[in-house]
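**Student:** Have a look at this one before I ask anything.
Values quoted throughout were computed directly from the atomic coordinates according to the rules given, and no laboratory measurement underlies them. Since this is a predicted model, take the numbers as computed values, not measurements. Here the Cβ is made from the backbone with ideal geometry for all residues, glycine too, and neighbour counts use every protein chain on show.
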Amino acid sequence: MGGERAPLLEVTGLAKAFGPNPVLRDVSLRVAPASIHALLGENGAGKSTLARVLLGMERADAGAILLGGARYAPASAEEARRAGVVLVPQERTLCAHLTVVDNVVLGIEPLARARLGIRDRSRARAVARAAIALVTADPGRVPLDARAGELGVADQQLVEIARALAQGGLREDGRLAARLLVLDEPTSSLGRSDAVRLFERVRALRDAGLAVLLVTHFLSDVRAHADRYTALRDGRVAGEGDPRETEPAQIVREMLGRALNDTRASADTRASAETRAGAVSEAARPDGGEVVLEAEGVSGVKRPKRASLTLRRGEILGIAGLVGSGRTELLRILAGLDPRRGGTVALRAPRGIGLLSEDRGGEGLMLGRSLAENVWLSPRAPRFARPRSLLTEGARWIERLAIRAGGPEQRVGELSGGNQQKVQIARLLREDVDVLLVDEPTRGIDVASKAQVLALLRELARAGKAIVLVSSQLDELVTTCDRIAVLRRGTLDPPRPASSWTEASLLLEASS
Amino acid sequence: ACSKTSSSATTSTDAGLGATGGARLRIAVVPKGTTHEFWKSVHAGAVKASRELDVDVVWKGPLREDDLKAQVDVVSSFVAQGVSGIVLAPLDATALRAPVRAAAQAKIPVVVFDSDLASDDHVSFVATDNEAAGRLAGEHLGKAIGENGNVVVLRYQEGSASTQHREKGFLDAVRAMPGVTVASENQYGGATTESAFHKSESLLLAQRAAEGAVAGVFTPNESTTFGMLQALRKTNVARKVKFVGFDASEKLLGALREGDIEALVVQNPFNMGYVAIKTMVAHLHGEKVEARIDTGSRVVTRQDLDDPAVQAIVRPDLARWLGE
Amino acid sequence: MKKRPPWVGPLVALLLVYALFAALTPDTFLRSQNLLTMARQTVVVGICAVGMTLVIATGGIDLSTGSLVAFTTVVLAKLLRAGVPALPAALVAAAAAGLVGALVGTLVGRARMVPFVVTLGTMSALRGAAKGLASEQKIDADPRGLDALLSADLAAPGLWVTAALAILVFAVLLFTRFGRHVFAVGSNEAAARLCGIDTGRVKIAVYTLSSLLAGVAGVMEFATLTVGDPTDSIGLELEVIAAVVIGGAPLSGGEGSVAGSVIGALLITVIRTGGVHLGLPSWVQEIATGAIIVVAVAVDRVRRARGARAAAG
Amino acid sequence: MKKRPPWVGPLVALLLVYALFAALTPDTFLRSQNLLTMARQTVVVGICAVGMTLVIATGGIDLSTGSLVAFTTVVLAKLLRAGVPALPAALVAAAAAGLVGALVGTLVGRARMVPFVVTLGTMSALRGAAKGLASEQKIDADPRGLDALLSADLAAPGLWVTAALAILVFAVLLFTRFGRHVFAVGSNEAAARLCGIDTGRVKIAVYTLSSLLAGVAGVMEFATLTVGDPTDSIGLELEVIAAVVIGGAPLSGGEGSVAGSVIGALLITVIRTGGVHLGLPSWVQEIATGAIIVVAVAVDRVRRARGARAAAG
Ligand SMILES: Nc1ncnc2c1ncn2[C@@H]1O[C@H](COP(=O)(O)OP(=O)(O)OP(=O)(O)O)[C@@H](O)[C@H]1O
Ligand SMILES: Nc1ncnc2c1ncn2[C@@H]1O[C@H](COP(=O)(O)OP(=O)(O)OP(=O)(O)O)[C@@H](O)[C@H]1O
Ligand SMILES: [Mg+2]
Ligand SMILES: [Mg+2]
């Protein structure tokens, strides 16, 4: 139906290069009004770049954009907003020092005395409350007066979506004045229930006439909610169509230019019975590896309240839980990064413990330094380091994890979100620690890489490492882990074998 | 080839422009600072001498009056440039020794003025005898307060030799008077007027000047004198407290006339500049010069302010010499 | 989750230091005259600190404050000498300072240059300009009543102007949209830009405002000294920045409170004055000043860290 | 994507300014004697800038440099007067400075205090300590051959020591694990901590090292002045920070190059010396210095932005 109407957004022949690297070569795209249009592609395919061009945050080198039939070439986000285009960017962009309310209404502050520029605080609060209520089933979770910097990553993401909705001209009846909403991986750090809630909202907005450009790596979401998709590969359009009428394997082929050879990798497309069986059989390795980490009654400043676990070499222990249940804090305490209030942690790992952070921009990576340096950074690195050897090392990991980068010298901040995540993983792997604590390792990475990363974790476990895996993707936990424990409001239940869990039972247990 | 941009007023070459090396003498004068009236007068005197003797004078000091390193750099730069002679008011008695020696080695003679240099490498020393000047101040203040009561000294800055000599001379003189007590002498006003003012204000309060607990005040240079004057006025104790300052500027002379200042000890900076250049040129012409030349100091009070001899010292005709 | 305002720590430090000196030299330190003197001595640093709070809240810094104050005294003295009446002369002099701020703001906000470098250059250039304008001399001028601005009593208009300016900027930061934008720019400039804020304009406004305040401080400085002095206030900027930082604003931006900065300025004055009242040698005062600054901020840090933990628990 | 090193911009600026002055006053500016003089005049700022590069690379700042240099000259003069031979006296004096740095580093690294505040306090306290130690006077001491450190020829050991120190720190930053950690701390301290780096230890090491270098600079300063002067080098820290910032290091940390900082220091000297050779009045020089600093950095910014685009195109 959508294809017939005059498109709201029409992109033709768009090209954009950074340095010698063309990112968008020749992208043409039509987004119909009142539709959800998915934009798919590998990490580094150019999705975020396209989004940023639409918002006036980058200038295209060539090509034309029509919005509602009129020429559209915004020079700033402000201009884009006036034209009715709003964005939820992929990387977190909140003012950490400002409160949630101030962040949501930033730039659109309601005024009590317009001439004096005096703010109307109660109206600002009302706007923020309404916007947040739209994006989460549990609005009380996000304290309106907390500083944004104090929120967990998931809550920050919610605030950011709420901000986009508010800036898009959220009205009393829940409709948006904006014409085009660009969502760059809005659910990558959301729990399932928030994601569901968000898509409900997005569909309602679509039905009210809004066009949505959705960038995501979750093909299941695309199939469930999108009206059309466009797949990008190497900066070119590699395919488009109606996701409900296209085989997932076909979409993946368009994105990757090849088929996904590892079937388990389509973890995202809901684990099938066979793949589950495969994972379990793999997990049935000789039990009773030596215990490397033992935590007893651990409690943190706020969360967790009580957590005990025993981790052996060769196993992957999954931790499931709702957002805010304290999974991240548990990992940070185990890694010795946050203060422990009570309990004991015994680490018996000669090569130490390492953490993969869920907050890659905040504390995971040095965005201003080169890829090679990020990968290399460690207190255990050799005392002397020739720049040459750093580069060789960086190049090795670029190849090993198929990181899309200009080279080991490129600043990590210039990489696409998914490729940044891979750099973080590379760093952890290079360190070669005994105990790996991985927090949302597949956040923002594409289907193929997701499969690769999970396979890597299993391989590491087989090689004698001990791994704790925290993920909001329950299917990932079920297919990858040996045992899974559920963290409920700060209390960790004893783990049970992964084979005894299903996604549904995990979700039920976590939210009970 | 030398396209000299001779610009205004205080700096740069005076008299005939565009002299490129050759026969014409080019004498660098390095004061301790450039903003104080005192140095203006020195400059005027130097210009007068340069016109009489038909030589070039290049005037350049450190940007701040307490910047020793900058002064060393200025002297080194002049040595590197190869001027005919350097006339220097050293900020420190020993620190300028090395650059002066470097000058001597480069066959550039140095005349030291205002403050002494612990060195044998300079040709002559042209200056006020500061300790004697300080004694003059002490004796006058003693008389003014009837050799009785508390006296406060606001020092200038740590490590400044000439003011330390004045402070010493002053303290020697007043300590010789049995009725006089030195209530405070360990506070420094610092390099700028406003720091001296703030220090003075607090000092007067702390010493309870408003209740008549302070009979007399002494300050050893222009900036401390000005700062103290403002503080005395602000705390309404001017005149009640007898105040002897040092150096002359329009504001200070005005205050002297009004009576807010009891007396000022003045040097003869114009003469100092004049004599220093004369001495240098004499030396360059191969004449023999004195190793130590005193340019004198005197107490100025309201009564003898209009004395032409005093006027010639405190109000030299700067406009005529500096073209302002 | 109500938070304690950031200026509580500095206030406690101020009261403690004040109490200390009051206990040690009760007969002179506690006089109302001394209180007034300290208030007057804080005027210049205080007004500048109010402006610097804005600059630091945007994550910037302004090293030209001292030069700007000196420059203003010179301009004002020149105008007075030229026969301009007191009030217009003061306004023009302050406006001249504001103009310099607009230029600095444009370089920072539009040309996206680093504030440290721009204001370092301005610091040197303005000092030179002041000296050139003043022919490297102090300029004597009839203050035409401006000296009454900081007269030695509670009615001194300068004190009330200072208080009014501080309250005004306080209110602007707290109650206006512009105030939010100032903090947003300092907290996350990319986010501010994404939200459609013209960050360049915010910066231009901030530097103009803060330089205008420095201009007002220059008028106050002239009121005290009654001369235009091109070598005045060397190093003032560090004192001002110290006041703001002691007042709880991190140099990284996004935070800062006018109240804290004013308290910081007062703390510096109290320490300095107290030393003189105690009759401590100047060098001991300098050591004490340094130690108290470090200790005051350290205590505040410990207190805040504990507070944060308590609030979290 | 090979990147141009960050010091290329400043180097171009340096060469341009040098060429300018050489063209204007060829007969004096181009003398080898003048080159040597400029080199000697850069020694103190240069050595301090090398140390400051480390501090700024960690995202810190050190305001105590000037006081530390003065303090060192006093300690050294005292030791020489007490009859200690030149070399041990110089080593002890520099070590004393290093000790102060270790203390500052501990406050910054372990007590997690803001470097600006800690070093502001240290600046005041050290100045006071220097004055107290020197009994508020300049201390005259027989330099015992130390004055030959900066003799007026190319063989002056001070020049070679400076070059050696710069190269050493350059190599440490580039080739050692410690160097990487310095940048890591400045680039993203949380990330560094996450990787298991003891960021506190890195900071202690950095402040100790940079203060040690300031101590060496103090020895050089003494070699020039041959007195211990407690009021020496007021404001030196700003000049040093300017050199580092002109050399391409942002104050936010994570970047910086020793080569750039040294070039920045040279640029400042050349501007200043050139002004003297031109016979410009001091105030014109100050204006020119300010303007050149801003323009040099602005040109570098434009060039880099264009470079990025050109590399992009
Ligand atoms: N500022 C920049 N400078 C240089 N290269 C850049 C810059 N920004 C993006 N790139 C490059 O452009 C390419 C596309 O990035 P983009 O962020 O658009 O990818 P993406 O499709 O959103 O990927 P992901 O799924 O990982 O988010 C990447 O290779 C990235 O390295
Ligand atoms: N610095 C902080 N100050 C206050 N609250 C915090 C802070 N950090 C985390 N929290 C809160 O503590 C709770 C637990 O956060 P944590 O990040 O551990 O949860 P999680 O289960 O990992 O969920 P997420 O998916 O958000 O990572 C959340 O409600 C979060 O908002
Ligand atoms: Mg992306
Ligand atoms: Mg988490």
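**Student:** How compact and how long is region D:15-64, expressed as Rg and Dmax of its alpha-carbon atoms in Å?
**Tutor:** When restricted to the Cα atoms of region D:15-64, Rg and Dmax are 15.3, 44 Å.
**Student:** Still on this structure, I have one more. Given C:GLY200, C:GLY279, C:LEU238, which one lies farthest toward the positive end of the charge dipole of region C:154-282, if we put +1 on the Cβ of every Lys and Arg and -1 on the Cβ of every Asp and Glu?
**Tutor:** Farthest along the dipole direction, towards plus: C:GLY200.
**Student:** Placing +1 at every Lys and Arg Cβ and -1 at every Asp and Glu Cβ, with all other atoms neutral, what dipole size does chain D have around its Cα centre, in debye to the nearest 20?
**Tutor:** Numbers: 24 positive and 17 negative charges, 239 e Å.
Roughly 1140 debye for chain D.
**Student:** Can you spot the lysines whose alpha carbon is less than 17 Å from B:LYS288's alpha carbon? Ignore those fewer than 8 places along the same chain.
**Tutor:** B:LYS107, B:LYS278
**Student:** Same structure again: Taking the alpha carbon gyration tensor of region C:190-295, what are the square roots of 5 times its eigenvalues, largest first, to the nearest whole Å? Don't jump to the answer; show the numbers that get you there.
**Tutor:** Values: eigenvalues 201, 83, 20 Å².
In descending order, the three semi-axes are 32, 20, 10 Å.
**Student:** Related question: Over region B:228-288, what per residue volume does the convex hull of the Cα atoms give, in whole Å³?
**Tutor:** 82
**Student:** If I model a spin label at B:ALA144 and C:LEU87 as a point 7 Å from the Cα along the Cα→Cβ vector, what separation in nanometres do I get?
**Tutor:** Distance between label points: 3.9 nm.
**Student:** Calculate how large, on average over all directions, the projected area of the Cα convex hull of chain A is; give the answer in nm² to one decimal.
**Tutor:** 24.3
**Student:** Please give the average number of partner chain Cβ atoms lying within 10 Å of the Cβ of each residue in C:133-141, rounded to a whole number.
**Tutor:** Mean shielding by partner chains, rounded to a whole number: 6.
**Student:** Under 12 Å from the Cβ of B:SER77, count the other residues' Cβ atoms, weight Lys and Arg +1, Asp and Glu -1, and hand me the total.
**Tutor:** +3
**Student:** Of all the C-alpha pairs in region A:118-192, what % are more than 15 Å from each other?
**Tutor:** 56
**Student:** Can I ask one more? Percent of Cα-Cα pairs more than 36 Å apart in chain B, please.
**Tutor:** Looking at chain B, the distances longer than 36 Å represent 21 percent of pairs.
**Student:** So how long is each side of region A:1-112 along the principal axes, counting just the alpha-carbon atoms, biggest first, in Å?
**Tutor:** 44, 37, 24
**Student:** Turning to a different aspect of this structure: With r defined as the distance between the Cβ atoms of A:ASP26 and D:SER252 and R0 fixed at 30 Å, what FRET efficiency is calculated, to the nearest 0.05?
**Tutor:** 0.20
**Student:** When Rg is the radius of gyration of the Cα atoms in region B:174-324 and Rh is its Kirkwood radius, what does Rg/Rh come to?
**Tutor:** 1.06
**Student:** Cross-link candidates for A:LYS47: which lysines have Cα within less than 21 Å, leaving aside residues fewer than 8 places away along the same chain?
**Tutor:** Qualifying lysines at Cα under 21 Å: A:LYS16, A:LYS422, A:LYS450.
**Student:** Could you list B:LYS251, A:LYS450, B:LYS168 in order of exposure, starting from the residue whose Cβ has the fewest other Cβ atoms within 10 Å? Spell out each step's value before the answer.
**Tutor:** On the way: B:LYS251 20, A:LYS450 24, B:LYS168 16.
Listing B:LYS251, A:LYS450, B:LYS168 from fewest to most nearby Cβ atoms yields B:LYS168, B:LYS251, A:LYS450.
**Student:** I need the calculated FRET efficiency for the pair A:ARG175 and D:ASP27, taking r as the beta carbon distance and R₀ as 51 Å, to the nearest 0.05. All intermediate terms of the calculation are to be shown ahead of the outcome.
**Tutor:** Values: r = 79 Å, r/R0 = 1.55.
It comes out at approximately 0.05.
**Student:** Suppose we keep just the alpha-carbon trace of region C:117-273; what are its Rg and Dmax in angstrom?
**Tutor:** Both quantities, over Cα of region C:117-273: 17.6, 53 Å.
**Student:** If you don't mind, another one. Computed over the Cα atoms, what is the radius of gyration of region A:341-440 divided by 2.2 N^0.38 Å, N being its residue count? Don't jump to the answer; show the numbers that get you there.
**Tutor:** Working: Rg = 14.2 Å, N = 100, 2.2 N^0.38 = 12.7 Å.
Its radius of gyration relative to the 2.2 N^0.38 Å reference: 1.12.
**Student:** Could you size up the charge dipole of chain B around its Cα centre, putting +1 on the beta carbon of Lys and Arg and -1 on that of Asp and Glu, and report it in debye to the nearest 20?
**Tutor:** On the way: 35 positive and 39 negative charges, 55 e Å.
So the magnitude is around 260 debye.
**Student:** Now, a different point. Given the C-alpha centroids of region D:188-206 and region D:27-79, what is the distance between them in whole angstrom?
**Tutor:** Their Cα centres are 28 Å away from one another.
**Student:** Please compute the Kirkwood hydrodynamic radius over chain C, one decimal place, Å, based on all pairs of different Cα atoms.
**Tutor:** On the way: mean 1/r = 0.0501 Å⁻¹.
Evaluated over chain C, this radius sits at 20.0 Å.
**Student:** Quick one: give the max-minus-min coordinate of the C-alpha atoms of region C:1-113 along each principal axis, largest first, in Å.
**Tutor:** 48, 46, 22
**Student:** Sticking with the crude label model, points 7 Å out along Cα→Cβ, report the distance from C:ARG144 to D:LEU16 in nm, one decimal please.
**Tutor:** Placing both labels 7 Å along Cα→Cβ, they lie 4.4 nm apart.
**Student:** Less than 23 Å apart at the alpha-carbon level, and either on another chain or at least 8 residues along: which lysines does that give for C:LYS78?
**Tutor:** Partners found: B:LYS40, B:LYS251, C:LYS131, C:LYS138.
**Student:** With charges only on Cβ, +1 for K and R and -1 for D and E, what is the dipole size of region A:175-259 about its Cα centre, in debye, rounded to 20?
**Tutor:** Using Cβ point charges on Lys, Arg, Asp and Glu, region A:175-259 gives about 140 debye.
**Student:** What translational diffusion coefficient, to the nearest whole µm²/s, does region A:394-487 have by Stokes-Einstein, given a Kirkwood radius computed over alpha-carbon pairs, a temperature of 25 °C and 0.890 mPa s viscosity?
**Tutor:** In µm²/s, the coefficient is 176.
**Student:** What percentage of all Cα-Cα pairs in region A:215-254 are separated by more than 12 Å?
**Tutor:** Result: 53 percent of Cα pairs exceed 12 Å.
**Student:** Tell me the label-point distance for the pair D:ILE167, B:GLU211, using the 7 Å Cα-to-Cβ offset, in nm and rounded to one decimal.
**Tutor:** 6.9
**Student:** OK, next. Residue separation times 0.36 nm, minus the C-alpha to C-alpha distance between A:GLU150 and A:ALA70: what's the value? Walk me through the numbers on the way to the answer.
**Tutor:** Numbers: separation 80, 0.36 × 80 = 28.80 nm, distance 4.22 nm.
Length difference between fully extended and current span is 24.6 nm.
**Student:** Still on this structure: Suppose we keep just the alpha-carbon trace of region D:133-212; what are its Rg and Dmax in angstrom?
**Tutor:** Expressed in Å, the Cα Rg and Dmax of region D:133-212 come to 18.8, 53.
**Student:** Rounded to whole Å, give me the distance from the Cα center of region A:57-128 to that of region B:210-279.
**Tutor:** Using only Cα atoms to place each centre, the spacing works out to 63 Å.
**Student:** At 0.36 nm per residue, and after removing the present C-alpha to C-alpha distance, how many nm does the segment from A:THR310 to A:GLU399 gain when stretched out fully?
**Tutor:** Length difference between fully extended and current span is 28.6 nm.
**Student:** Does a label point 7 Å from the Cα of B:ASP306, set along Cα-to-beta-carbon, have any residues of region B:247-262 with amide nitrogen under 11 Å, and which are they?
**Tutor:** The answer is none.
**Student:** Pop the C-beta distance of D:ALA111 and A:ARG351 into the FRET formula with R0 = 56 Å and round what comes out to the nearest 0.05.
**Tutor:** 0.95
**Student:** Under 11 Å from the Cβ of D:SER64, count the other residues' Cβ atoms, weight Lys and Arg +1, Asp and Glu -1, and hand me the total. List each step's numbers first, then the result.
**Tutor:** On the way: positive: D:ARG127; negative: D:ASP62, D:GLU237.
In short, -1.
**Student:** Kirkwood hydrodynamic radius (Cα pairs, Å) of the protein assembly as shown?
**Tutor:** Its Kirkwood hydrodynamic radius stands at 34.8 Å.
**Student:** So in the protein assembly as shown, what percent of DSSP beta bridges are antiparallel if you round to the nearest 5?
**Tutor:** Rounded to the nearest five, the antiparallel share is 40 percent.
**Student:** Note the angle between two axes, namely the Cα long axis of helix A:387-400 and the longest principal axis of the Cα atoms of chain A, as a number of degrees from 0 to 90, rounded to the nearest 10.
**Tutor:** Result, in degrees: 80.
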